[in-house]
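Inspection log for the structure reproduced underneath, given as structure tokens.
The values are calculated or read from the model by the stated rules, or taken from the named source; none is laboratory data. None of the values given here were measured: they were computed from a predicted structure. FYI the Cβ positions are ideal-geometry reconstructions off the backbone, even for glycines, and counts take in every protein chain you see.
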């Protein structure tokens, strides 16, 4: 889910890039079409985020927890009493029988001889293991007592690689991410102050923002171990550099389109593609 959250943040940035920078010299129809496309793309990433969240809640629960145990039924509560049958009212009483005559024991009968234990008999010797015995090569080892925890750990590692692009769970927004965001904020606002001090054209600000955001994605790729974000990051970096180069020229009015709108479209295309791939390959 952390991976999907990062993609959602990228989609929001891309939509903002498009909405803010779609203006003159673009026509009104082009502005409308671009904003609709950006809105639909961001909404699609949001929908896929909700889909992944729902699968995380249902698919991440162990099977034992999802299956409800059968209700305990008491045998006493459900046991049916056998119907009480009374004796038939017309049954005839049993005939009186005289007891068998008492038999006397035979005084001449021989008793069976009593078996006496042999006092000189030796007890069976205790079986000692044979030190020269060779182990059976076909014998199967006893199952390891910790097999279940190891299986759970392997399952957790596979889920972590699937959800977080290989980064450890909880590590996508850890110290590395926070350090990159702090440096990004310093470069962003510090660079805008420098551009203002240099009296650079206003369009250069858009190019600088695209450059900083692109570099931030490139730096995050090895931290998150997710190299698919390095591609749009590199494209944003190049678009930012191109905008800074065109800002002092006569085509400065197109810099927001180049470094702003195109950067937003690249971000949206990348987040939609990766989100779709993540949701399509995700198993509950």
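Conditions (1) over 25 Å from the mean Cα position of the chain (by Cα); (2) crowded, with 21+ Cβ neighbours inside 10 Å; (3) modelled with pLDDT of 95 or more; (4) at negative phi, marked per residue:
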residue	(1), (2), (3), (4)
162	no, no, no, yes
170	no, no, no, no
173	no, no, no, yes
177	no, no, no, yes
209	yes, yes, yes, yes
214	yes, yes, no, yes
224	no, yes, no, yes
233	yes, yes, no, yes
Checklist entry - Do we find a residue being more than 25 Å from residue 233 (Cβ to Cβ), part of a helix (DSSP H, G or I), in contact with a helix residue (DSSP H, G or I) (Cβ under 7 Å, 6 or more places away or on another chain) and touching a residue at least 60 places away in the same chain (Cβ under 8 Å) anywhere in the range 13-21? => result no
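Would you call residue 247 in contact (Cβ under 8 Å) with a residue 24 or more places away in the chain, surrounded by fewer than 17 Cβ atoms within 10 Å (Cβ to Cβ) and either under 13 Å from residue 205 (Cα atoms) or out of contact with any helix residue (DSSP H, G or I) (no Cβ under 9 Å at 6 or more places or on another chain) (or both)?
Working: in contact (Cβ under 8 Å) with a residue 24 or more places away in the chain: yes; surrounded by fewer than 17 Cβ atoms within 10 Å (Cβ to Cβ): no; either under 13 Å from residue 205 (Cα atoms) or out of contact with any helix residue (DSSP H, G or I) (no Cβ under 9 Å at 6 or more places or on another chain) (or both): yes.
Here the answer is no, as residue 247 does not meet what is asked.
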Next on the checklist: Just to be sure I understand the filter: pairs with C-beta atoms under 6 Å, separated by 6 or more residues or on different chains, first member in the range 165-178 and within 13 Å of residue 220 (Cβ to Cβ), second member part of a helix (DSSP H, G or I) and modelled with pLDDT under 85. Which pairs pass?
Outcome noted: 165/3; 165/224; 167/224; 172/2; 172/164; 172/224
Next on the checklist: Taking the conditions exactly as written (closer than 23 Å to residue 4 by Cα and outside any loop (DSSP other than H, G, I, E, B)), does residue 193 satisfy them or not?
Outcome noted: no
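To keep it simple, each residue is scored yes or no on (1) at pLDDT 85 or above; (2) within 30 Å of residue 265 (Cα to Cα); (3) in a helix (DSSP H, G or I).
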{"position": "29", "(1), (2), (3)": "yes, yes, yes"}
{"position": "45", "(1), (2), (3)": "yes, yes, yes"}
{"position": "50", "(1), (2), (3)": "yes, yes, yes"}
{"position": "54", "(1), (2), (3)": "yes, yes, yes"}
{"position": "70", "(1), (2), (3)": "no, no, no"}
{"position": "76", "(1), (2), (3)": "no, no, yes"}
Checklist entry - Is it fair to say residue 220 is under 35 Å from the mean Cα position of the chain (by Cα) and more than 29 Å from residue 26 (Cα to Cα)? => result yes
Checklist entry - Which residues, counting only those in the range 221-244, are without any contact (Cβ under 8 Å) to a residue 24 or more places away in the chain and under 20 Å from residue 17 (Cα atoms)? => result 230, 233, 234
Checklist entry - With respect to the numbered conditions (1) within 15 Å of residue 275 (Cβ to Cβ); (2) free of Cβ contacts under 8 Å to residues at least 12 places away in the same chain, which one is the sole condition not fulfilled by residue 32? => result (1)
Checklist entry - In this structure, does residue 201 turn out to be over 26 Å from residue 36 (Cβ atoms) and surrounded by 15 or more Cβ atoms within 10 Å (Cβ to Cβ)? => result yes
